Amino acid sequence: MEIYNLTTKILVYSIDEYSQDIKKLIEDAKLAAKRAYAPYSGFRVGAAVLLSNGETITGNNQENAAYPSGLCAERVAMLAANSLYPDIPVEAIAIAAYSGDDYTSMPCYPCGSCRQTLLEIENRFDKPFKIIMYGKDKIYEVASIQELLPLSFGKDFLDK
Ligand code: THU
């Protein structure tokens, strides 16, 4: 038997360490969280996508009385960005969550389905992008979705 150990590299930041551009992106994600439609969970998530043309597209979770019909913030933002700008690659996505009466202390991580969607977009443009997960106490950043979704199923399996 062999054992393969996989490692994930997470950069842990405080807000002061970020450039103005990234501070703005995080702020956009935080504001988007407040506009979420989350009457069932009360857990409001915002995402802000920075494109390489400088545009920022935001989104938030949109819930539904038939629960599985709802959609997470990351997919709302990313899919809107791709539909508006199909040829423009992504530089970064910032994610923030608001629960109760404040932003969460710890970062909010994308769910499994969102990770798979982010992987598709990284592969689509053949370009990794930063994923910045905001929490009041700590901000986590990874350089690529590969860090959050090892052993992933992507387009390589379907190439003929
Ligand atoms: N949610 C997101 O929008 N993004 C995440 O990364 C985690 C979960 C949403 C889905 C649902 O509307 C609510 O948070 C509770 O799961």
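Return a yes/no flag: does the range 133-141 have any residue that is within 11 Å of the ligand (Cβ to nearest atom), more than 17 Å from the chain's Cα centre (by Cα) and not in a loop (DSSP other than H, G, I, E, B). No, there is no match, as no residue in the range 133-141 is within 11 Å of the ligand (Cβ to nearest atom), more than 17 Å from the chain's Cα centre (by Cα) and not in a loop (DSSP other than H, G, I, E, B). Of the residues 40, 67, the single one that is touching a helix residue (DSSP H, G or I) at 6+ places or on another chain (Cβ under 8 Å), hydroxyl-bearing (Ser, Thr, Tyr), near the ligand (Cβ under 9 Å from one of its atoms) and farther than 15 Å from residue 135 by Cβ is 40. Within the range 12-33, does at least one residue satisfy the condition of being within 16 Å of the ligand (Cβ to nearest atom), over 19 Å from residue 121 (Cβ atoms) and in a loop (DSSP other than H, G, I, E, B)? No: the range 12-33 contains no residue that is within 16 Å of the ligand (Cβ to nearest atom), over 19 Å from residue 121 (Cβ atoms) and in a loop (DSSP other than H, G, I, E, B). Just the residues that are more than 15 Å from residue 45 (Cβ to Cβ), touching a Pro at 6+ places or on another chain (Cβ under 9 Å) and either in contact (Cβ under 8 Å) with a residue 24 or more places away in the chain or surrounded by 23 or more Cβ atoms within 10 Å (Cβ to Cβ) (or both), please, taken from the range 91-136. 121, 122, 124, 125, 127, 129 - these are the residues of the range 91-136 that are more than 15 Å from residue 45 (Cβ to Cβ), touching a Pro at 6+ places or on another chain (Cβ under 9 Å) and either in contact (Cβ under 8 Å) with a residue 24 or more places away in the chain or surrounded by 23 or more Cβ atoms within 10 Å (Cβ to Cβ) (or both). In this structure, is residue 87 surrounded by 19 or more Cβ atoms within 10 Å (Cβ to Cβ) and of a type outside the set (Val, Ile, Thr)? No: the conditions fail for residue 87.
For the range 39-65, residues that are touching a strand residue (DSSP E or B) at 6+ places or on another chain (Cβ under 9 Å), surrounded by fewer than 21 Cβ atoms within 10 Å (Cβ to Cβ) and among the hydrophobic types (A, V, I, L, M, F, W, C) total 2. Entry remark, the range 70-109: residues being on the phi < 0 side of the Ramachandran plot, more than 11 Å from the ligand (Cβ to nearest atom) and not in a strand (DSSP E or B) number 15 in total. Applying the set (1) more than 19 Å from residue 97 (Cα to Cα); (2) away from the ligand (no atom under 11 Å from the Cβ) to residue 56 leaves exactly one unmet item: (1).
Read-outs: derived from the displayed coordinates by stated rules, not from any lab. Given the structure is predicted, the values throughout are model-derived calculations rather than measurements. We place every Cβ from the backbone using ideal geometry, glycine too, and count neighbours over all the protein chains shown.
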